[in-house]
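Single-structure report; data block below.
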Amino acid sequence: MNTEDTIAADKAHLWHPFTQHKEWCAPEHDPLIIVSAEGALLRDSEGRDYIDGNSSIWTNLHGHRHPRIDAAVRAQLEQAAHTSFLGFTHPLAAELARDLVALFPPNTLSRVFFSDDGSTAIEVALKMAAQFWQQSGQPKRTRFVAFSGAYHGDTMGASSLGGIPAFHDRFSAWQFPVQRAGSLQELKGMDSSALAAVVIEPLIQGAAGMRLWPKGMLAELRDWCDAEGVLLILDEVMTGFGRTGTMFACEQEKVIPDFIALAKGLTGGYLPLAATLTTERVFAAFLGGSERTLYYGHSYTANALGCAAALASLAIFREEEVLDQLQRKIALLDRLLANLARRPRVIDVRQCGFIAGIEVGWNAGEPFAAGQLAGAKVCVAARRHGLLTRPIRDTIALMLPYCVTESQIRRAVDALTRAIDEACPS
Ligand code: PLP
């Protein structure tokens, strides 16, 4: 299909996520059509290149069309694209489970349950935690705690945990009740006797606008959970696989959770695959008669192509010193953002490893009116300067693939600087 036919068919038949279609389908709106990608660049149907400024919605790690991941997926296609994981197994799933477990200290997170995406990885953790207490003699532990501003996905269970009013409030009548904590202090004031688990995005809340937790908070939360006998579920869907500068965010505070949810970067950003890891303690509670079984699963569980991509991605981490190389890029980004922070309409810059959020407004504590759509306008302007990313209201997310070169990092921040200067009201 050429550009014109693609746009016509799209506007006639498609429904995009998080999108107001009155605007999308308006005759004057020209959707950008991405037709190919290589490394940190995306190419549109008119042959223009852009830096992939949000790693294709926080998924891509080593770049697009990485030869090693491409080859692994192709090789698996010669065997089978997908076979049922219900009642059977396959070598790549077993190998990937072993490799994932090896990323954590011995005898900690030793069991892997595969699903499809970030939301389902969270659903699995919730159901495992709920059933764990039923089968561990504490059936009254039924409630989950999530934090204000939390985002854990859009399926009903995961979105019950969500604390972003614009996304979540409308569905509150259908969601299970969650105890909401605004801070660790508030959580500590709760009666913990009926709590099953606390769910948190460690170090940084993504969809809330790249909000950083205070240093030490995660370790303190783990201690509190241990003292109160409450399970801890870490949502590392965004932070996992190096984004914060370490393989997992929880390493930075030496925390081992009871569950960790992984998705997005698991396959290097190639295919939808997720994993929920847990401990032998949790696993053991599910052993026994059929009534102890976890009745949960999806058709594409442990998809072989996804496993092949994930194994190749982990091999790239091991063999191409990805995390070592990333430290220099994190430091460069830090320096460049320190300059950007001095622009008049930049009111805050928040960085956690290779994740950044740049907030625009009149002055600190004085945001633009929501109707001004400043964040969206900055992203439209950035596109003219060769950078694609998305705003979270007036915070612009900058999350580059790890393969990005130093000159591309400079270009990305330069594009953002110009876009902010052009698009923000003066
Ligand atoms: N958890 C976190 C922290 C996320 O950032 C996201 C998505 O952005 C999800 C869960 C949901 O993942 P998915 O969109 O793959 O369902």
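Numbers below:
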item: Of all DSSP beta bridges in segment 69-319, antiparallel share, percent nearest 5; result: 45 percent
item: Cα pair distances in segment 1-104, grouped into 10 Å bins until the bin that holds the longest one, percent each; result: 11, 26, 31, 21, 10, 0
item: Residue-by-residue Karplus 3J(HN,Hα) for segment 339-356, coefficients 6.51, -1.76, 1.60, Hz, glycine and proline x; result: 5, 4, 4, 7, 5, x, 9, 8, 9, 6, 10, 10, 10, 9, x, 9, 9, 9
item: For segment 69-319, alpha-carbon Rg and Dmax in angstrom; result: 17.7, 56
item: Estimated FRET transfer efficiency (A364, A227; beta-carbon r; R0 35 Å; 0.05); result: 0.40
item: Taking E28, E406 and counting other C-beta atoms within 10 Å, the order from fewest to most; result: E28, E406
item: Contact order relative to length of the chain, as percent, for alpha carbon pairs under 8 angstrom and 6 or more apart; result: 20 percent
item: Convex hull volume per residue for the chain, taking Cα atoms only, in Å³; result: 158 Å³
item: Rounded, prolate or oblate (a/c below 1.5 giving rounded, otherwise prolate when a/b exceeds b/c) for segment 162-268 by Cα gyration tensor; result: oblate
item: Full-extension gain in nm, W24 to A338, via 0.36 nm per residue minus C-alpha separation; result: 109.6 nm
item: Rounded Å value of the spacing that divides the Cα centres of segment 98-135 and segment 43-82; result: 26 Å
item: Cβ crowding within 10 Å averaged over residues, with 113-119, 145-151, 305-311 ranked highest first; result: 305-311, 113-119, 145-151
item: Bridge type composition, the chain - antiparallel percent by DSSP, nearest 5; result: 65 percent
item: Stokes-Einstein D (µm²/s) once Rh is taken as the Kirkwood radius of segment 202-361 over alpha-carbon pairs, at 25 °C in 0.890 mPa s; result: 136 µm²/s
item: For L195, L271, order by how many other beta-carbon atoms lie within 10 Å, fewest first; result: L271, L195
item: Helix 374-384 vs. the chain, principal-axis angle (Cα, 0 to 90°, nearest 10); result: 60 degrees
item: D_trans [Stokes-Einstein, Kirkwood Rh over alpha-carbon pairs] for segment 265-341, 4 °C, 1.567 mPa s, µm² s⁻¹; result: 80 µm²/s
item: Peptides ranked, highest mean first, by Cβ atoms within 10 Å: ranges 153-164, 50-61, 217-228; result: 50-61, 153-164, 217-228
item: Gain upon complete extension [A71, D5; 0.36 nm per residue less C-alpha separation]; result: 20.6 nm
item: Geometric extent, Cα atoms of segment 298-426 - Rg, Dmax (angstrom); result: 17.4, 53
item: Violating pairs (Cα-Cα greater than 25 angstrom) within the set K127/K264; K140/K254; K11/K377; K264/K329; result: K140/K254
item: ³J(HN,Hα) computed for each position of segment 248-256 - Karplus, 6.51 cos²θ - 1.76 cosθ + 1.60, integer Hz, glycine/proline x; result: 10, 4, 5, 4, 5, 10, 6, 9, 10
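Bear in mind that the values in this text are calculations on the coordinates, not laboratory data. Every value quoted in this text rests on a predicted model; they were computed, and no experiment measured them. Neighbour counts are summed over all protein chains in view; Cβ atoms, including those assigned to glycine, are modelled from backbone coordinates with ideal geometry.
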